[in-house]
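Comments concern the structure below.
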Amino acid sequence: MGQSSSAAANSSRRDSNNHSHRSKSKATAAISPMLQADEERSGIVDVASDLISDLPDECLACIFQFLGSGDRKRCSLVCRRWLRIEGQNCHRLSLNAQSDLLPIIPSLFSRFDAVTKLALKCDRRSVSVGDEALVLISMRCRNLTRLKIRACRELTDAGMMSLAKNCKRLKKLSCGWCTFGAEGMNAVLDNCSALEELSVKRLRGITDGAASEPIGPGVAAASLKTICLKELYNGQCFAPLIMGAKKLRTLKLFRCTGDWDKLLQVIAEQVTSMVEIHLEKLQVSDVGLAAISNCLDLEILHLVKSPEWTNVGLVSVAERCKLLRKLHIDGWKANRVGDEGLVSVAKNCSNLQELVLIGVNPTKVSLEALASNCPNLERLALCESITVGDVEISCIAVKCVALKKLCIKNCPVSNIGLEALASGCPNMVKVKLKKCRGVTAEGADWLRASRPLLAVNLDTGETIQEAAIDNSDVAHNNSVEFPPMAIQPAFPAIASSSAGRSTSFKSRLGLLTGRRGFVACTLRRWSSSRNNS
């Protein structure tokens, strides 16, 4: 009896162990096909099916789409099937376009045969791929819709012509620091009838002077919606393309040489559908702005560091472009734009939602007009202005009911202006104060305490030398001083004079202020311990 019961117990334990082993094997097989293969090689046979292997390729591809690039790479190493599916469903690819890329292009695009968005970027100090590589890529990526080329100086007109013939579905082309010329660009415009966005920066292959070959319009002009030209010696050779783009919505011209007044007159007469125009460091006067005023549907206008235009040009734009929503003006401290132009904007552009004034000197007159006549004004930035003080800030606080974000930089504002903000602008959620010497940390803390839901960012703009002097003062006086809090910019799109400051400098400055706070806290502990003793 005892032996039979013991045998029965041992048999039941073996059955439970076998059952648990089978359940573990089943769970493991569902997670990793490779582990299942290892178990089969070791003699353990799993009768359960591999659930992942039963998934269709389309479902597995959908799962891969939710993963980041690193996870997708790791998944492609699991098995050959996953490698194939990951490659066939990869639509975006960015490559280091150095010359040693050429030998691996056939195998690379045999795996990634469904790429529609491609970026070819090369270090300016390295030798880039040439025409042969571009021809191979264009033959294997005929469904390409977006292409970005950076610093590929070995590309010529011949390579761009092959690209244009093979990739006729191209919708977006961005090229910078390249050396091909007008012939290659015209080939793209003549073959890519679906092109919607074109961005060109520092295209050195276009010959300078009046004899340069005109670019465009081509078949692409009928579909183009955005044209961006940056740092071109003779960007005016793109005039036929701009004038032929009847559906153009956005035109951006940055630091392109030449007189643009006459060209803007011709463009505005033939292309009236533009809703966004950016002009930066461009030779444009009031004549050019008067031409822009023909774009009656204009909603966004950026006039940055073009000191030749005055209040007259701004008035002409304001009186005709009544749908203006965003206006950015960087007057470059030329003092040619002021209350007259801004009052006209206030009277005519009631839909204004965002206003950025840099190097412009508005007074209470224009600010009160803007606040009273623009009920939808939500974002306001006043930078490098010598006329914006406590009176002007008080006016904004009382009148700008819809204002949500306010940025004030290097203006003669003090804590008195902050007191007005404490009771005004009921919808405001963020205030940024930078390099305003009259505003102290105590004033910012008081504003935070008065309005707990308001994010107040204070940047005193002190230099490393000033911080070092403050450290020495703290050491001698045993006083405690807290450094300004690290902040995020309230207006990331606002251009400022400190935009070119290196990241390393900012990191060093942040490290120094952190040490300064550490020293202050340490001295405070020392002082308290001495008093207790």
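The values are calculated or read from the model by the stated rules, or taken from the named source; none is laboratory data. All of these numbers come straight from a predicted model, not from anything done at the bench. Glycine gets a Cβ as well: all are built from the backbone with ideal geometry, and neighbour counts include every protein chain shown. Side chains are part of the model used for accessible areas, which takes the heavy atoms of the whole protein and leaves out ligands, DNA and RNA. Shrake-Rupley method; radii C 1.70, N 1.55, O 1.52, S 1.80 Å.
Take the Cα atoms of segment 263-311, find their three principal axes, and give me the spread along each one in whole Å, biggest first.
Principal-axis extents of segment 263-311 (Cα, largest first): 26, 19, 17 Å.
Out of all Cα-Cα pairs in segment 75-142, roughly what percent, to the nearest whole number, are more than 21 Å apart?
The answer is 27 percent, as a whole percent.
Which order do the peptides 222-232, 64-74 come out in when sorted by mean C-beta neighbours inside 10 angstrom, highest first?
The peptides rank, most packed first, as 222-232, 64-74.
Can you give me the Cα centroid spacing of segment 241-301 and segment 110-153 in angstrom?
Each part reduced to its Cα centre gives a spacing of 32 Å.
Give a residue-ordered list of calculated ³J(HN,Hα) values for segment 131-144 (Karplus: 6.51 cos²θ - 1.76 cosθ + 1.60, θ = phi - 60°; whole Hz; x for Gly, Pro).
4, 4, 5, 5, 5, 4, 5, 5, 6, 9, 10, 6, 9, 4
Apply the Karplus curve 6.51 cos²θ - 1.76 cosθ + 1.60, θ = phi - 60°, to the phi angles in segment 233-238 and return the couplings in whole Hz, x for Gly and Pro.
3J(HN,Hα) across segment 233-238, in whole Hz: 4, 9, x, 5, 5, 8.
May I ask what percent, to the nearest 5, of DSSP beta bridges between residues of segment 72-226 are antiparallel?
Details: 1 of 22 bridges.
Within segment 72-226, antiparallel bridges account for around 5 percent of the total.
Is segment 143-272 rounded, prolate or oblate when judged by the Cα gyration tensor, a ≥ b ≥ c being the square roots of its eigenvalues, rounded requiring a/c under 1.5 and prolate requiring a/b larger than b/c?
Note, shape of segment 143-272 comes out oblate.
With Cβ to Cβ distances under 11 Å as the rule, what net charge do the other residues near Lys230 carry (K, R +1; D, E -1)?
Neighbourhood net charge equals +3.
What are the extents of the Cα atoms of segment 72-226 along their three principal axes, in Å, largest first?
If we take the Cα atoms of segment 72-226, the spans are 60, 36, 21 Å.
Carbon and sulfur atoms: what percent of the 1.4 Å accessible area of segment 312-436 do they account for?
C and S atoms contribute 51 percent here.
Taking just the C-alpha trace of segment 157-229, give me its Rg and Dmax in Å.
Reported Rg and Dmax, both Å: 11.4, 33.
Give me, ordered by chain and number, the residues 5 or more places off Asn410 or on other chains with an amide H under 5 Å from its own placed amide H.
Glu384, Lys434, Lys435, Cys436
Round to a whole number: what % of the accessible area of segment 72-226 belongs to carbon and sulfur, probe 1.4 Å?
Result for segment 72-226: 50 percent of the exposed heavy-atom area is carbon or sulfur.
In the neighborhood of Asp286, defined by Cβ-to-Cβ distances under 15 Å, what is the net charge if each Lys or Arg adds +1 and each Asp or Glu adds -1?
-2
Once phi is turned into ³J(HN,Hα) by the Karplus curve 6.51 cos²θ - 1.76 cosθ + 1.60 with θ = phi - 60°, what whole-Hz value does each residue of segment 289-298 show in order, with x for glycine and proline?
3J(HN,Hα) across segment 289-298, in whole Hz: 5, 4, 5, 4, 5, 6, 7, 5, 8, 4.
Net charge around Leu67, counting only other residues with Cβ within less than 14 Å of its Cβ (Lys, Arg = +1; Asp, Glu = -1)?
Net charge around Leu67: +2.
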